[in-house]
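For reference, the structure discussed in these notes is given below.
The values are calculated or read from the model by the stated rules, or taken from the named source; none is laboratory data. Just so we're clear, the structure is a prediction, and the values are computed from it rather than from any experiment. With ideal geometry, Cβ positions are generated from the backbone for all residues, glycine too; neighbour counts draw on all protein chains shown. When the accessible area is computed, the model is the full protein with side chains, heavy atoms only, and any ligands, DNA or RNA have been set aside. Shrake-Rupley method; radii C 1.70, N 1.55, O 1.52, S 1.80 Å.
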Amino acid sequence: MRPVVTTAEMRALDRATIDDVGLPAVTLMETAGRAVADAALRMLGSERGHVAVVCGPGNNGGDGFVAARVLRDRGIDAVVYLAAPRDAVIGDARIHLEILERAGGIVRMLAAPEQLAALDARVIDAALVIDALFGIGLKRPIEGHLAEVVTMMLMAERVLAVDIPSGLDADTGRTLGTAVIAERTVTMGALKIALCSAPGFARCGEVEVADIGIPAALIGSTSVGVGVVEAGDIARCLPHPQALEHKGRRGHVLVVGGSPGMRGAGRLAAVAALRAGAGLCTLAADGDASGELAAPDSVMTRPLAPGAPIGSLLAGKAAAVIGPGLGQSASAIARVHEVLAAGVPAVLDADALNVLASDPKAIAGAAGPIVLTPHPGEASRLLGKTAAEIEADRIAAARELAARTRAVIVLKGARTLVCDGVGGDALCSINPTGGPALATGGSGDVLAGAIGALLAQGLSAGDAARAGVYVHGAAGEALARRHGDRGAVSSDLPDAIAEAIRSLGHPRAPRA
C-alpha cells in the first residue's frame, strides 16, 4: 500500500529530514517549487499564456514563489499574486520571495479587497492558476477576504494546487468554509488523507507525489495508519488456481437473505460469490424453492420455514453472508445471532446491520471472523451519530466502529474504507477503485457476496475485505467504460468481478 500521512506525521517527516538527514528547509522548498513548475509546464503544453501564482505568506506560498521564478526562467509569463501583507511573509518563504524579486520576478498584491477587485479578472482569465494559498495546516474555516480569494480561483478554468487545494482539512477532507477545486495537485513527499479519500479527493483532480528529498526509508518508518491499496497488494493475496483443485477446496458459501419481495438482493450476493471464486453457494431464504426462489443458475437454494433455525445449514460452510434482503422479523434477528455464534467467517450486510444497531451487544458473542459492510446511513445507526458526522471524518468513524464491534469494517461510499484492527492507530486502507457506476441498487449485495467468497477461499477477514472492495470497484469502472456511469446495473457486476479478478493476473497453475 502507498502510505498516507496525517498533518502531524508530515511535519515529523519534514523535521526529521531537516534535523537528522541534514537537508535545509530552504532546499526542500526549492525542490518542491521546482516540482510544481514542472507540473505546470506539463499542463500548459504548447500554450504559453499568463500563469497566476496565488500565494499565501507561509510555506505553501514559498513553494509558489519558487514555482513562479522557475517558470519565468523557462519563458512563461508567471506572476505572483500575494494574498497577504508583505511583512507577514517570514522564514524560508521570505528568503524565496526575495530571491524571486532579485531574479526579476513580479509580485502583485491581493492583500486587501480593493486590490482583489483590481486584479481578479487577470487571475480568472489566466491560462493556469497555481493555488499556493494555504497548505496542510489549515484547521479553521476560510472567511472574509481570503474566502473571496478562493472564490476567485474557483472561477478560473484551470487550477494546479500546491500540496493540497486551499480550504481542505488535510486529515479529513472536509471543506473548511470554501475550498479550491483543482485539475491537478502536486503534493510533497507523501499522500495526505484529503487527497485520496472522500470527500476531499473530488476537489484534487489528478494527484502526483513530488519527491522533495525525504528518504523513502524515513516515510516507511513513520507511524502511518492509513494507506491506499494498490493492484499488487490485491494480486498477492488473491487465491491462486491450483491444477488439482476442486469445488470443495474453493469453499461453500451460505447466503441467508432474499426474503419474499427482496429476492434479488440474496440472489445477487449468491451469484457474486460464485463469480468471485467460491466452489459452491447456497441461498437460504423464506419461501418456496420450487417457485420464485429457484432460478436457472448455479446457485443452490434452501427454503426456510418462518422461524426455522439455520444451524444445520451453517454446518460445513466455509463462510456465510447474511443480510441482503433478510428483513427484520424475529426470525431474521435470530438468524443473525446464529451466524455470529457459529464460528464461521461471516459478512454482515444490509438488514443484518440494522439488527446489530437495535441490539449492539449481539456481536459480542461472535465466534468467528466478522466483516461488517455499512454504508454511511447504516454506520450512523450503529454508532448513534448522524450520517453527516460519519462523512465528516470517515476514517475516525471506521476506527470507532471497529473498536466497538471487534470486526473488520468496510465503510462503503466513494473511496470505500477498510479498517482492519481495533486500536486507535488501526490500519485503514483507502480503496482507489470504483465510481458513480456503482451507485445503483444491489451493488452492496454483490460486494457482500464477493467478500464472502474470498473468506470461503481462505483469505483473512482483512484481506478478503480489501480484495473484495478492490475488484468490486474495478468491475464498476469496467462497466462505466461500457455503459456509462448511469447505464450499469448491479446484475452486471458479478461477471465484471470475475473479469477484474482474472485481469489481476495469476501465474498459471503447474502441470500435473
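For the stretch 302-401, the convex hull drawn through the C-alpha positions has a volume of 93 cubic angstrom per residue. Proximity of backbone amide H atoms, modeled 1.01 Å from N, is registered between Val228 and Arg2, Val4, Ile430 at under 5 Å, excluding neighbours fewer than 5 places apart on the same chain.
Against the chain, whose longest principal axis is taken from its Cα atoms, helix 144-154 shows a tilt of about 70°. From the residues His96, Pro57, Val229, which one has its Cα farthest along the dipole of the chain in the positive direction, the dipole being from +1 and -1 charges on Cβ of Lys/Arg and Asp/Glu about the Cα centre? The listed residue farthest towards the positive side: Val229.
Taking amide H as placed 1.01 Å from N in the peptide plane, Val321 has its amide H under 5 Å from the amide H of Leu254, Val255, Val256, Val347, each at least 5 places away in sequence or on another chain. Around the Cα centre of the chain, unit charges on the Cβ atoms of Lys, Arg, Asp and Glu (plus for the first two, minus for the last two) sum to a dipole of about 1200 debye. Using only Cα atoms and rounding to the nearest 10 degrees, what angle (0 to 90) does helix 59-73 make with the longest principal axis of the chain? Rounded to the nearest ten degrees, it is 60. How charged is the neighbourhood of Val489? Take every other residue with its Cβ under 14 Å from the Cβ of Val489, and add Lys/Arg as +1 and Asp/Glu as -1. So the surrounding residues net to -1.
Computed packing ranks the peptides 101-114, 52-65, 454-467 as 52-65, 454-467, 101-114, most packed first, by mean other Cβ atoms within 10 Å. Per q in 0.13, 0.21 Å⁻¹, report the Debye log10 I(q)/I(0) for the stretch 396-510, using one uniform scatterer on each alpha carbon and no solvent. Log10 of I(q)/I(0), two decimals: -0.50, -1.11. Of the residues Ala284, Ala273, Pro239, the one whose Cα sits farthest toward the positive end of the charge dipole of the stretch 173-305, with +1 on the Cβ of Lys and Arg and -1 on the Cβ of Asp and Glu, is Ala284. Of the residues Ala414, Pro141, Tyr470, the one whose Cα sits farthest toward the positive end of the charge dipole of the chain, with +1 on the Cβ of Lys and Arg and -1 on the Cβ of Asp and Glu, is Tyr470.
Overall, the stretch 269-393 carries a charge dipole of about 340 debye about its Cα centre when +1 sits on the Cβ of Lys and Arg and -1 on the Cβ of Asp and Glu, all other atoms neutral. Counting only other residues whose beta carbon sits under 11 Å from that of Cys237, what net charge do I get with K and R as +1, D and E as -1? Within the 11 Å Cβ shell, the charges total 0.
Amide H to amide H distances under 5 Å link Met188 with Asp163, Ala210, where only residues 5 or more positions off or on other chains count and H is placed in the peptide plane. Computed 3J(HN,Hα) for the stretch 330-345, one whole-Hz value per residue from the Karplus formula 6.51 cos²θ - 1.76 cosθ + 1.60 where θ = phi - 60°, is 4, 5, 4, 4, 4, 5, 4, 4, 4, 4, 5, 8, 6, x, 8, x, glycine and proline marked x. Assuming charge only on the beta carbon of Lys and Arg (+1) and of Asp and Glu (-1), the dipole of the stretch 4-82 about its Cα centre is about 260 debye to the nearest 20. In the structure shown, the pairs Lys317/Lys412; Lys361/Lys385; Lys247/Lys412 are assessed against 22 Å; a Cα-Cα span above that value is assigned to Lys317/Lys412; Lys247/Lys412. Of the peptides 408-415, 444-451, the ranking by mean beta-carbon count within 10 Å, highest at the top, reads 444-451, 408-415. Inter-label distance, Arg74 to Asp359: 6.4 nm, where each label sits 7 Å from its Cα along the C-beta direction. A protection proxy built from the mean count of other Cβ atoms within 10 Å ranks the segments 270-283, 200-213, most packed first, as 270-283, 200-213. With a simple spin-label model that places each label point 7 Å from the Cα along the Cα-to-Cβ direction, the separation between Arg15 and Arg236 comes to 3.1 nm. The Cβ shell under 10 Å around Val336 holds other residues with a net charge of -2, Lys and Arg each +1, Asp and Glu each -1. Per residue, the solvent-accessible area of the chain (1.4 Å probe, heavy atoms of protein chains only, all protein chains present) comes to 39 Å². Report the percentage of all Cα-Cα pairs in the chain whose separation exceeds 46 Å, rounded to a whole percent. Of all Cα-Cα pairs in the chain, 23 percent lie more than 46 Å apart. Relative to the longest principal Cα axis of the chain, at what angle does helix 113-124 sit, 0 to 90 degrees, rounded to 10? Rounded to the nearest ten degrees, it is 70.
Using the Karplus relation 6.51 cos²θ - 1.76 cosθ + 1.60 with θ = phi - 60°, the per-residue 3J(HN,Hα) values for the stretch 179-184 come to 8, 5, 10, 9, 7, 8 Hz, with x marking Gly and Pro. Between Arg502 and Ala315, the distance separating the two model label sites (each 7 Å from Cα on the Cα→Cβ line) works out to 3.8 nm.
In order along the stretch 103-108, the phi-based Karplus estimate (6.51 cos²θ - 1.76 cosθ + 1.60, θ = phi - 60°) of 3J(HN,Hα) comes to 7, x, x, 10, 10, 10 Hz; Gly and Pro are listed as x. Can you pull the percent of Cα pairs in the stretch 104-191 with separation above 18 Å? Taking all Cα-Cα pairs of the stretch 104-191, the fraction more than 18 Å apart is 43 percent.
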